[in-house]
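Working notes for the structure below.
The values are calculated or read from the model by the stated rules, or taken from the named source; none is laboratory data. Keep in mind that this is a model prediction, so the values were computed, not measured. Here the Cβ positions follow ideal geometry from the backbone for every residue, glycine too, while neighbour counts run over all protein chains shown. When the accessible area is computed, the model is the full protein with side chains, heavy atoms only, and any ligands, DNA or RNA have been set aside. Shrake-Rupley method; radii C 1.70, N 1.55, O 1.52, S 1.80 Å.
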Amino acid sequence: PKLAAIAARFDAAVAVAEVPPGPPVLQTLVAEIYGPTEVGRLKLADRVREIYRATPGVVDIDWYVEASQPKTVFHVDKAKAALHGITEAAIARTVQMAVQGYPVTLLHAPGEREDVNIVLELPRALRARPDDLLSLPVRSETDPSGSLVPLRELVTVEQTKSERNIYHKNLQNVTYVTADVAGVIESPVYAILKMNRALARLDARDFGGTQPTVKIYNATMPTTDAEPAMKWDGEWQVTIEVFRDLGLAFAAVCILIYMLMVGWFKNYTTPLIIMSVIPLSLIGILPAHGLLGAFFTATSMIGFMAGAGIVVRNGIILVDFIELRLREGLPLAQAVIDAGAVRFRPMLLTALAVMVGAAVILQDPIFQGLALSLMAGEVASLLISRFAVPLIYYMAHAGKTVST
């Protein structure tokens, strides 16, 4: 905040760089502004910056738009230059020598391994203003012994503004507005949810569009820039892709687990009973993250997926024990009670082993979510699946004749 206060006094942008920088994105919060005209994009980008500033926890606000810079252009008067026998190349070479330096020869010094360029240029103090450059003399190439002609007699001066850099993404013009999060907000998700409510009140017709609202994109980008639009990028884009890919992978794993259990139990109902307790581990995972003030990250999702395998394993040993008791002739009610009591010890040992192993990485800032998901999810599944699986099995098979 102290650095930001200093920057605000001078209308400057300040950012605290993070090392390592994290995922390969421009910044934590990145708003990509699309639109049919540059004026409309800049206007919309400026409104987005205002929304950034009005959102608590959003800091280091900047955009990829350079301020207008003065530019001096020298136009060669070809007629006057021809009268003095001076070419455009000679004039350009003189200006280049003054402002950028011009190599004139090489110095073969005995103590140097490489040749040293001798560059002729004006001192910085004499090339800071266009008027200083206009005093440079230019000699005629056709008459080397002739008089020197001042540059001001050979050119006309035009004062203009330098062009801004143009950024493209997927062949569309784009303007980037960036920021970071700190203080009351530590995750870009919460900041984006707050800012989306303010962005929804913007009228696209104020920025050169024909629609009443500015469309906001997350996982995809607009296919055309005919209408003003905005896409969230940065860490939010990485978060969406990670959780999407992990979700698809988890769905595929659940299907494979179901197919394996169908082949083992020779029916389609029992695997569903076993897998029905997988979401119950969230009863332990989510409160644990809340109590410790940790965010549900990608590693938390990985821990949930890994814990699902342990939950399924616990369900398998419960159902397998129930069916073993049924084959021995016990009634269904007694079989499910015995399963919950007898198989509790191996389930408890599994949970203790998981908790001890995960406790090693509990303090790691990256893998803390993985440890919390494994530990809390295993405790919840231990207490809940011990009762849930036998009860669901009993409800599904009560009143049916079980083959022995």
*Can you name the number of the only condition in (1) under 45 Å from the mean Cα position of the chain (by Cα); (2) not in a helix (DSSP H, G or I) that G329 fails?*
(1)
*Looking for whichever is surrounded by 22 or more Cβ atoms within 10 Å (Cβ to Cβ), out of contact with any Gly (no Cβ under 6 Å at 6 or more places or on another chain), of a type outside the set (G, A, S) and closer than 27 Å to I322 by Cβ here; the options are L372, L382, L352. Which one fits?*
L382
*Determine, yes or no, whether A17 is small (G, A, S), surrounded by fewer than 12 Cβ atoms within 10 Å (Cβ to Cβ) and more than 27 Å from L171 (Cβ to Cβ).*
yes
*Within the set of pairs 6+ apart or on separate chains, which have a first residue in the stretch 235-249 that is more than 20 Å from A179 (Cβ to Cβ), a second that is open to solvent by 50 Å² or more (accessible area, probe 1.4 Å) and in a helix (DSSP H, G or I), and C-beta atoms under 8 Å apart?*
L246/I302
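Pull up the stretch 143-161, narrow it to residues that are open to solvent by 40 Å² or more (accessible area, probe 1.4 Å) and among the small types (G, A, S), then point me to the one that is modelled with the highest pLDDT.
So the first thing to find is which residues in the stretch 143-161 are open to solvent by 40 Å² or more (accessible area, probe 1.4 Å), and the list is 143-145, 147-148, 150, 152-153, 156-161.
Filter again for among the small types (G, A, S), leaving 145, 147.
Details: S145: 68, S147: 74.
Within the stretch 143-161, the match that is modelled with the highest pLDDT is S147.
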*Do you know which residues across the stretch 283-312 are surrounded by fewer than 17 Cβ atoms within 10 Å (Cβ to Cβ) and under 27 Å from Y394 (Cβ atoms)?*
I283, G309
*Test for V379: is it closer than 30 Å to E241 by Cα and not hydroxyl-bearing (S, T, Y)*: yes
*Qualifying positions in the stretch 162-194 - among the hydrophobic types (A, V, I, L, M, F, W, C), buried (at least 16 other Cβ atoms within 10 Å of the Cβ), farther than 17 Å from V238 by Cβ and modelled with pLDDT of 85 or more*: V174, V177
